[in-house]
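Peer 1: Before I ask anything, let me first share the structure, which is written out below as structure tokens.
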Amino acid sequence: MTFAELLLAPPILKATTACGYSLPTPVQAKAIPEALAGHDLIASAQTGTGKTAAFVLPALQRLWEGASGSRKGPRVLVLTPTRELADQIAQATRTYGKFLPFKGAVIVGGMPYTEQFKSLARKPDLLIATPGRLVDLMDRGRIDLAEVEIFVLDEADRMLDMGFIDDVRKISAAVPKKRQTLLFAATLGRQVITLAERLLKQPVRIQIDATQAPNQHIEQRLHVVDDIQHKNRMLQHLVGDRSLKQAIIFSATRRDADNLARRLHAQGHSAAALHGDMKQSARNRTINNLRCGRIRLLVATDVAARGLDVAGVSHVINFDLPKFAEDYVHRIGRTGRAGASGIAISFASQSECACLSRIERYIGQCLPQQIIPGFEPKRPLSVASRTKTLNSKPSTGKPVGRVGAKSSPAKQKRAVHKSKAATGGTRGKTGSGQIY
Ligand code: AMP
């Protein structure tokens, strides 16, 4: 199927051609015709599959098909969990909509209210928002969602993981019942299905990538390490390799990200940290610096695990393994973007053996171990336990990573707290809007 066969409007086709896209990706080929036919959709697709265009193109088509005269509020609302994703979706709408007259706006936490009030006053056709700030503006009577025709929930599973369920419900109640709802999630777990049952009407279900297998273009490598000193020496060696163009290095905590970035910087590398404790303006600056190549090494927490789309990232390095297995797939998906190849390197010490087993069970394969001469581990990992886990429970395609993740109320509270920090959704904080 070609883009022309999807029956998209000429200015949209012109934009996809200008992007150099020859064919729709599988999620686009399945989702776009259904969305254009007006159906509700529930689609499971990871970032990197082209899912943004799968909802942005039909949304732009709707805008192209005719404005409904003078309006009080947006016709398309896209909810997304983080500020970075909101910015990326905004960029995609600018790219795909560059031959269309439309006004877009971004409403995210951590930015001044005055700018956001101004951008809402300009009556955007398409609004991209994180849930916390949107509810905040709704409570202040600054936004009217009564004219929303298309409601998109992007990364719905992530929004629920981050504790946004009440905000999502409140926002859904404020958009008209007679609307089209497009829900995208990396995995369709029970919580997402329950949400979909409440919000969607006879949705068409689209499943892309039923297995959890990572992108084929990404070469995965495992380095066994003895301790933190060994990790640091190995990292220093790897980042000294000139074939590494740009890398995202994932660490377990915000403090570790800061410390590691500082150390790499002191070693003469262009390195910076990215995590949820940073102000939004600093996060934006860091991502821009990465995009334009001023930063070669980005040391990040899982705030960068999803959605971040920077073409030059040749390597992902898991300095610390993620706690949840599906985050491994998200993290390594930051390289190998849009058909390019990439290398994903993971360090694992004996104490991370359980995490490693979970990841291997989730992706249904053992990570191939590599030994760099001079960096041999003193002790091998307990391979028997890894192989046993893999063999005893073959990958069912079901996520095993978050088993028990919704356990204790304290844990849920922490998740909510974390989510507010990640999206800047805390009430009363200042922040800015963006119209384009
Ligand atoms: P996404 O999954 O939306 O984050 O998209 C991942 C990457 O795929 C982005 O860099 C897009 O520009 C690119 N992309 C989206 N659709 C296509 C397509 N049909 N052909 C080639 N690249 C695409």
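The values are calculated or read from the model by the stated rules, or taken from the named source; none is laboratory data. Just so we're clear, the structure is a prediction, and the values are computed from it rather than from any experiment. Counting neighbours? That spans all protein chains shown, and the Cβs are built from the backbone with ideal geometry, glycine included. To get the accessible areas, we keep the full protein, side chains included, count just its heavy atoms, and leave off ligands, DNA and RNA. Shrake-Rupley method; radii C 1.70, N 1.55, O 1.52, S 1.80 Å.
Peer 1: Looking at (1) within 18 Å of LEU100 (Cβ to Cβ); (2) open to solvent by 10 Å² or more (accessible area, probe 1.4 Å), which one does PRO58 not meet, given that it meets all the others?
Peer 2: Failed condition: (2).
Peer 1: Which pairs do you get when a residue that is under 10 Å from TYR328 (Cα atoms), found in region 356-369, comes within reach of a residue that is of a type in the set (S, T, N, Q), reach meaning Cβ atoms under 6 angstrom, with the pair 6+ apart or on two chains?
Peer 2: Listed pairs, sorted by first residue: TYR362/GLN212; ILE363/GLN212.
Peer 1: Within region 294-314, does at least one residue satisfy the condition of being surrounded by 19 or more Cβ atoms within 10 Å (Cβ to Cβ), within 18 Å of the chain's Cα centre (by Cα) and more than 22 Å from GLY110 (Cβ to Cβ)?
Peer 2: Among the residues of region 294-314, at least one is surrounded by 19 or more Cβ atoms within 10 Å (Cβ to Cβ), within 18 Å of the chain's Cα centre (by Cα) and more than 22 Å from GLY110 (Cβ to Cβ), which makes the answer yes.
Peer 1: Pull out all pairs, ordered by first then second residue, where Cβ-Cβ is under 6 Å, the residues are six or more apart or on different chains, the first lies in region 50-62 and is closer than 9 Å to ALA92 by Cα, and the second is aromatic (Phe, Trp, Tyr) and more than 6 Å from the ligand (Cβ to nearest atom).
Peer 2: Hits for this filter: VAL56/TYR96.
Peer 1: Collect the residues in region 249-279 that are in contact with a helix residue (DSSP H, G or I) (Cβ under 6 Å, 6 or more places away or on another chain) and under 25 Å from MET111 (Cβ atoms), keeping them in residue-number order.
Peer 2: Listed by number, the residues that qualify are ALA272, ALA273, LEU274, HIS275, GLY276, ASP277.
Peer 1: Considering only residues of region 310-332 that are out of contact with any helix residue (DSSP H, G or I) (no Cβ under 6 Å at 6 or more places or on another chain) and more than 22 Å from ASP241 (Cβ to Cβ), which is farthest from the ligand (Cβ to nearest atom)?
Peer 2: The selected residue is LYS323.
Peer 1: Out of curiosity, is ARG142 of a type in the set (D, E, K, R), out of contact with any Phe, Trp or Tyr (no Cβ under 8 Å at 6 or more places or on another chain) and either farther than 21 Å from ASP302 by Cα or without any contact (Cβ under 8 Å) to a residue 40 or more places away in the chain (or both)?
Peer 2: no
Peer 1: Oh, and also: Going through region 77-99 one residue at a time, which ones are polar (S, T, N, Q) and either surrounded by fewer than 24 Cβ atoms within 10 Å (Cβ to Cβ) or modelled with pLDDT of 95 or more (or both)?
Peer 2: Of region 77-99, the ones polar (S, T, N, Q) are 80, 82, 88, 91, 93, 95.
Result: THR80, GLN88, GLN91, THR93, THR95.
Peer 1: Does ARG263 count as open to solvent by 40 Å² or more (accessible area, probe 1.4 Å), out of contact with any His (no Cβ under 6 Å at 6 or more places or on another chain), more than 24 Å from ASP157 (Cα to Cα) and in contact (Cβ under 8 Å) with a residue 12 or more places away in the chain?
Peer 2: So ARG263 passes the test.
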